[in-house]
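Some notes on the structure that comes next.
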Protein chains: 2
Amino acid sequence: MVSKNQIKLITSLQQKKYRNEHQLFIAEGVKVIQELLASNFVLEHLFMTEAIFDTVPVFQKTIVKESDMKRISALSSPSSCLAVFKIPKPLQLETKGLIVALDDIRDPGNLGTIIRLCDWFGVKHLVCSSETVDVYNPKVVQATMGSISRVTIHYTDLKKYIAASSLPVFGTFMDGNNVYNENLPKEGILVLGNEANGISSDIEKGIQNRLAIPRFGDMQQTESLNVATATAIFLSEFRRKG
Amino acid sequence: MVSKNQIKLITSLQQKKYRNEHQLFIAEGVKVIQELLASNFVLEHLFMTEAIFDTVPVFQKTIVKESDMKRISALSSPSSCLAVFKIPKPLQLETKGLIVALDDIRDPGNLGTIIRLCDWFGVKHLVCSSETVDVYNPKVVQATMGSISRVTIHYTDLKKYIAASSLPVFGTFMDGNNVYNENLPKEGILVLGNEANGISSDIEKGIQNRLAIPRFGDMQQTESLNVATATAIFLSEFRRKG
């Protein structure tokens, strides 16, 4: 059974304003919830249509009807479970190792995929400009497939962060140097830009190393790669060489 | 003005059955439609909420109200234009150069992104198993951002196609050889598998070269990369070395 107030609270968490107010977010689907339960995230409550997740204490879970799951879910095809977790306190922003920085990424699927890539390539810190889509947006949480539990995500003034760092800063530009020919270090900041506009001119000023993925087609008409697939190739190059 | 019969026909094209019956598909958004108009695709009709696309003959276009656009669109936030194109006749299936083969890719966004990657990396032929999601699915057309006009997509019995080819065949497996250490040729077939199950055992038998992208994280828990981001990294490696 889900009360009216619970439905109201849970659906409100689809909006950033209410996530901030309550310091809670939702995660859906067995795999994502499993990974979050196995990590440092603190569960508030778990709703499910069948009895799964034996390890969750009985006061923290409720079996609900499918019709109720439809009401609380942010998905068009709800999964068998939805969990409400506490938003963790921000951790210290580190500036060592390889760091990915996002300048105004707007698409939740792109942010989720980039978090998954950071996890695969051992990037522990992802630094986002304040305008970047919120990591606790249900679509982002979904797209990370649980990697959100292993990558620390920070929101900050990206320009100041870059200016204050002593690491070499790399940015991706259409007219950058061929990434295959560049020496790439183990430590550095890799900046990726907005889906439509690329890296903003304000951030561009702080970037010393301009990188590009060369096109290989004859026709050379493809406008650009999607930012998530470009991130995949850049991280592959950094890790291969670094 | 859009007639009831037009609305019925256009919305029916969201289903593969009716696309096959009418040999028509829909494309939405200025950029995608522009690219298709500039290519060999044959326009059937164009609907738009404002007068754009000056070059399209007057008999082939209709200005419609936003309320009508909402009715015919497959998108939750319709664009200002929707075009109906003819599905082209299948071209000869070639087996030279670098070819990407998809074994049962189900997600329209993944197929669209892979087509865009093929375009960027100069892969002209994409061969799909019969179970792979239909390329004329509106979500695929959308995700290709126009690249669908520059990559030829074939649906066939993938097992037979691989068996009949004389090119070296590469497949992606979790336990494959580190792709960074392998010599990769200019010509070959690169097989990518289903999102949940990978490459099927039937197809696996025809693959001589097993490749993998190594993980770099300490925790080594990320289950797998998304198939589209994995394709990005494999194509980058083939083109860098080939």
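Once you compute Rg and the Kirkwood Rh from C-alpha atoms, what is the Rg to Rh ratio for region A:118-242? Don't jump to the answer; show the numbers that get you there.
Numbers: Rg = 14.7 Å, Rh = 15.6 Å.
Radius of gyration relative to Kirkwood radius: 0.95.
Report the Cα centroid-to-centroid distance between region A:179-204 and region A:4-34 in angstrom, as an integer.
Here the two parts' Cα centres lie 33 Å apart.
Can you sort B:Cys118, A:Cys81 from fewest to most other Cβ atoms within 10 Å of each residue's own Cβ? Spell out each step's value before the answer.
Working: B:Cys118 26, A:Cys81 23.
Least crowded to most crowded, the residues run A:Cys81, B:Cys118.
If I take the rotation axis that carries chain B onto chain A, which residue of chain B has the nearest beta-carbon, and at how many angstrom?
B:Ala232, 2
May I ask you to compute the full-extension gain from A:Ile63 to A:Ala164, defined as 0.36 nm times their residue separation minus their alpha-carbon distance, rounded to one decimal in nm?
Details: separation 101, 0.36 × 101 = 36.36 nm, distance 4.96 nm.
Full extension of this stretch gives 31.4 nm more.
So in chain B, what percent of DSSP beta bridges are antiparallel if you round to the nearest 5? Mind dumping the intermediate values first?
Working: 11 of 37 bridges.
Close to 30 percent.
Exposure proxy check: B:Lys4, B:Lys86 ranked by fewest other beta carbons within 10 Å? Present the calculation step by step, with values, prior to reporting the outcome.
Values: B:Lys4 8, B:Lys86 13.
By the 10 Å Cβ count, ascending: B:Lys4, B:Lys86.
Could you tell me whether region B:4-86 comes out rounded, prolate or oblate from its Cα gyration tensor? Rule is a ≥ b ≥ c as square roots of the eigenvalues, rounded for a/c under 1.5, then prolate if a/b exceeds b/c, otherwise oblate.
Numbers: a/c = 1.55, a/b = 1.12, b/c = 1.39.
It is oblate, given that a/c is not under 1.5 and a/b is not larger than b/c.
Find, to one decimal place in angstroms, the Kirkwood hydrodynamic radius of the protein assembly as shown, where the mean of 1/r is taken over every pair of different Cα atoms and then inverted. All intermediate terms of the calculation are to be shown ahead of the outcome.
On the way: mean 1/r = 0.0414 Å⁻¹.
Across the protein assembly as shown, the inverse of the average 1/r is 24.1 Å.
Within 10 Å of each Cβ of B:234-241, how many other protein chain Cβ atoms are there on average?
On the way: counts 2, 3, 13, 5, 1, 5, 11, 1.
That works out to 5 on average.
Taking each residue of B:111-118 in turn, how many C-beta atoms of other protein chains fall within 10 Å of its C-beta, and what is the average?
3
Which order, highest average first, do B:194-200, B:101-107 follow once you tally other Cβ atoms within 10 Å for each residue and take the mean per peptide? Don't skip to the answer; put the middle values down first.
Details: B:194-200: 15.6, B:101-107: 21.4.
Packing proxy ranking, top to bottom: B:101-107, B:194-200.
Rounded to two decimals, what ratio of Rg to Rh does region B:99-138 give with C-alpha atoms and a Kirkwood Rh?
Values: Rg = 9.5 Å, Rh = 10.2 Å.
Expressed as Rg/Rh, it is 0.93.
Mind jotting down the three principal axis lengths of region B:10-148 based on Cα atoms? Whole angstrom, largest first.
Each principal axis gives a Cα extent; for region B:10-148 these are 45, 27, 25 Å.
Let me confirm one metric for peptide B:150-157, namely the mean number of other chain beta-carbon atoms within 10 Å of its residues' beta-carbons. Before the final figure, lay out each step's value.
Working: counts 5, 2, 0, 0, 0, 0, 0, 0.
Per residue, the number of nearby Cβ atoms from other chains is 1 on average.
Measuring label to label, 7 Å along Cα→Cβ, what does A:Arg210 give against each other copy in nm, shortest first?
Shortest to longest, the spacings are 4.5 nm.
If you place +1 on the Cβ of every Lys and Arg, -1 on the Cβ of every Asp and Glu, and leave all else neutral, what size is the dipole of the protein assembly as shown about its Cα centre, to the nearest 20 Debye? The partial results should precede the final answer.
Details: 54 positive and 50 negative charges, 83 e Å.
The dipole magnitude comes to about 400 debye.
Quick one: putting +1 on the C-beta of Lys and Arg, -1 on the C-beta of Asp and Glu, what dipole do you get for region B:98-241 around its Cα centre, in Debye to the nearest 20?
Numbers: 14 positive and 16 negative charges, 112 e Å.
So the dipole magnitude of region B:98-241 works out to roughly 540 debye.
Where does the Debye-calculated log10 I(q)/I(0) of chain A sit at q = 0.07, 0.11, 0.16 Å⁻¹, using only Cα point scatterers of equal weight, no solvent?
With no solvent term, the Cα-only Debye profile gives -0.27, -0.62, -1.08.
No lab work stands behind these numbers, since they all come straight from the coordinates. Only a predicted model underlies this, so the values are computations on that prediction, with no experimental measurement involved. Quick reminder, even Gly has a Cβ in these numbers, built from the backbone with ideal geometry, and neighbours come from all protein chains shown.
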